[in-house]
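For reference, the structure is listed below as structure tokens.
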Amino acid sequence: MITEQTELLDRDEVPFWFDPLCPWAWITSRWLLEVEQVRPVRADWRIMSLAYLNLIQREGKGLSEDYRDLMTKAWGPVRVCAAAAEHGGRAILGPLYTAIGTRFHTQRRRDDPSVITEALAEASLPDSLAAAATSAEFDQLIKTSHDEAFNEVGLDVGTPVLRIGGTALFGPVLRQAPRGEAAGRLWDGLVIVAGTDGFFELKRSRDRTVKPSFA
């Protein structure tokens, strides 16, 4: 008999780097969960940091004051994710990301200070991990995970980043997550792109009036 555990082991792992504050990464992550239902893949959740990317690696160049302030605040949630991974192993990142992201993006509570403690409780993690938000203790863990992705894709992209068949790609950036077989067809296309030797970029400009949809 093929057990559920055996089926999971037979799936291809898809490393996916996220910053919990990014709405575009959130949509793509929900798409990847849809892909899991229709293709033999499994998300391998990993952290990156928009704050590290924009404030340190890019030295804050070209950032408005409002966005700079947002990036400073962005350290908090990803630090908590890093602390959680250190405490409970990287497998906890999936449930914790869902708990935080649902509150940040679907419930639109990004400025609610109770989000982190609620999310930790939902993921069965101690609320003491919330203190990591204001500590640099786990920053090296964040940078190591972040660099694994960005040393390959470069610093001129953001999040999401995923790896397909050994090739790291930025995106896909989606206004809303395709469902069911539509999610699978998009995945199939990315597999072809990632497997094309010498492929570098496929992009169209994003209209500033287009906002992410979390429905």
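The values are calculated or read from the model by the stated rules, or taken from the named source; none is laboratory data. Remember, predicted model here, so these are calculated numbers, not experimental data. All Cβ positions, glycine included, derive from the backbone under ideal geometry; neighbour counts span all protein chains shown.
Counting only residues that are out of contact with any strand residue (DSSP E or B) (no Cβ under 6 Å at 6 or more places or on another chain) and within 18 Å of Pro15 (Cβ to Cβ), which one in segment 170-182 is surrounded by the fewest Cβ atoms within 10 Å (Cβ to Cβ)?
Among those residues, the one meeting the criterion is Val173.
Any idea how many residues of segment 99-122 are buried (at least 19 other Cβ atoms within 10 Å of the Cβ) and of a type outside the set (D, E, K, R)?
So the count comes out to 9.
When the residues of segment 78-94 are narrowed to those that are under 12 Å from the mean Cα position of the chain (by Cα) and not aliphatic (A, V, I, L, M), which ends up nearest to Lys143 (Cα to Cα)?
The selected residue is Cys81.
Which of the numbered conditions does Val80 fail, given that it passes all the others? Conditions: (1) closer than 15 Å to Phe16 by Cβ; (2) surrounded by 22 or more Cβ atoms within 10 Å (Cβ to Cβ); (3) among the β-branched types (Val, Ile, Thr).
Condition (1) is where Val80 drops out.
Working only within segment 44-65, note down all residues that are among the charged types (D, E, K, R) and either without any contact (Cβ under 8 Å) to a residue 60 or more places away in the chain or more than 13 Å from Ile142 (Cβ to Cβ) (or both).
Asp44, Arg58, Glu59, Lys61, Glu65
Checking Asp10 against (1) closer than 21 Å to Ala91 by Cβ; (2) within 19 Å of the chain's Cα centre (by Cα); (3) at pLDDT below 95, which test does it fail?
Tallying (1) closer than 21 Å to Ala91 by Cβ; (2) within 19 Å of the chain's Cα centre (by Cα); (3) at pLDDT below 95, Asp10 fails exactly one: (2).
Here are Thr167, Thr196: which of them is among the polar types (S, T, N, Q), closer than 22 Å to Arg11 by Cα, surrounded by fewer than 12 Cβ atoms within 10 Å (Cβ to Cβ) and at pLDDT below 95?
Answer to the check: Thr196.
Evaluate segment 27-43: report whether one residue or more is among the aromatic types (Phe, Trp, Tyr), closer than 23 Å to Gly158 by Cα, part of a helix (DSSP H, G or I) and in contact (Cβ under 8 Å) with a residue 24 or more places away in the chain.
Within segment 27-43, one or more residues are among the aromatic types (Phe, Trp, Tyr), closer than 23 Å to Gly158 by Cα, part of a helix (DSSP H, G or I) and in contact (Cβ under 8 Å) with a residue 24 or more places away in the chain.
When you check Trp24 against the structure, is it of a type outside the set (Ser, Thr, Tyr), in contact with a strand residue (DSSP E or B) (Cβ under 9 Å, 6 or more places away or on another chain) and within 24 Å of Gly165 (Cα to Cα), yes or no?
In short, no.
Looking at this structure, is Ala133 buried (at least 16 other Cβ atoms within 10 Å of the Cβ) and within 21 Å of Ala83 (Cβ to Cβ)?
Yes.
Working only within segment 143-164, note down all residues that are of a type in the set (S, T, N, Q), modelled with pLDDT of 95 or more and either surrounded by fewer than 18 Cβ atoms within 10 Å (Cβ to Cβ) or closer than 14 Å to Ser29 by Cα (or both).
Once the filter is applied, which keeps residues that are of a type in the set (S, T, N, Q), modelled with pLDDT of 95 or more and either surrounded by fewer than 18 Cβ atoms within 10 Å (Cβ to Cβ) or closer than 14 Å to Ser29 by Cα (or both), segment 143-164 yields only Thr144.
Can you tell me which residue among Glu181, Glu137, Glu122, Glu118 is within 15 Å of Val35 (Cβ to Cβ) and either modelled with pLDDT of 95 or more or touching an Asp or Glu at 6+ places or on another chain (Cβ under 9 Å) (or both)?
Exactly one residue qualifies, and that residue is Glu181.
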